[in-house]
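Heads up: the structure comes next, in structure tokens.
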Amino acid sequence: MAGSEQVGETPTPGVELPWVGIVDDDASLRAALARALRVNGIRVETFGSAEEYLQRRSGGEPVCIVLDIHLGGLSGLDLRDRLEAEGIAPPIIFITAHDDMLTGALGSSACGYLRKPFDVQALVSLLRPHCTHVSTEPS
């Protein structure tokens, strides 16, 4: 995927809307999560790799990142470490299909984790504290 894919509300010029980053190398999962979060009123930008996330051109930092641990190139843990070293690590919800990686993933920036496959409403529940504009009613 070349560049990030923005999904959700159209920003008003000069007004930065809160957004959630999704970083996963599975294009179908990124698209499904983006659709589900958009339905729940969450603005989303998706990235196919940690490197793509680091090269983004969007304004500001996300309110939260939904981050796969296993990525090609830099891993999700590598991305977390790099963002923490730069002092710009937003809260992170780690996602993985490998239970053995969950313990090592949790750190100061982790605000949750989900094992694939997971219920989208569980993800929305973890995101709500970071996305104050999100409805409290499930869709």
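The values are calculated or read from the model by the stated rules, or taken from the named source; none is laboratory data. Note that this is a predicted model, so its numbers are computed, not measured. Note that we place each Cβ from the backbone using ideal geometry, even for glycine, and neighbour counts take in every protein chain shown.
Residues in region 56-63 include at least one that is closer than 21 Å to L126 by Cβ, touching a Pro at 6+ places or on another chain (Cβ under 6 Å) and not acidic (D, E).
Let's see how each residue does on (1) in contact with a strand residue (DSSP E or B) (Cβ under 9 Å, 6 or more places away or on another chain); (2) under 20 Å from H130 (Cβ atoms); (3) hydrophobic (A, V, I, L, M, F, W, C):
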{"site": "A31", "(1), (2), (3)": "yes, no, yes"}
{"site": "R35", "(1), (2), (3)": "yes, yes, no"}
{"site": "V39", "(1), (2), (3)": "no, yes, yes"}
{"site": "I42", "(1), (2), (3)": "yes, yes, yes"}
{"site": "G48", "(1), (2), (3)": "yes, no, no"}
{"site": "E52", "(1), (2), (3)": "yes, no, no"}
{"site": "E61", "(1), (2), (3)": "yes, yes, no"}
{"site": "L67", "(1), (2), (3)": "yes, yes, yes"}
{"site": "D78", "(1), (2), (3)": "no, no, no"}
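Could you tell me whether region 22-32 includes any residue that is polar (S, T, N, Q), at pLDDT 95 or above and farther than 19 Å from G112 by Cβ? Taking every residue of region 22-32 in turn, at least one turns out to be polar (S, T, N, Q), at pLDDT 95 or above and farther than 19 Å from G112 by Cβ. The requirement of being surrounded by 18 or more Cβ atoms within 10 Å (Cβ to Cβ) and in a helix (DSSP H, G or I) is fulfilled nowhere in region 20-28; no residue meets it.
T103: out of contact with any helix residue (DSSP H, G or I) (no Cβ under 9 Å at 6 or more places or on another chain) and either among the polar types (S, T, N, Q) or modelled with pLDDT of 95 or more (or both), yes or no? Lay out the reasoning, then the answer.
Numbers: out of contact with any helix residue (DSSP H, G or I) (no Cβ under 9 Å at 6 or more places or on another chain): yes; either among the polar types (S, T, N, Q) or modelled with pLDDT of 95 or more (or both): yes.
Taking the combined requirement at face value, the residue satisfies it.
Has region 82-94 got at least one residue that is modelled with pLDDT under 85 and among the acidic types (D, E)? Within region 82-94 (the criterion being modelled with pLDDT under 85 and among the acidic types (D, E)), the answer is no, since none of the residues qualifies.
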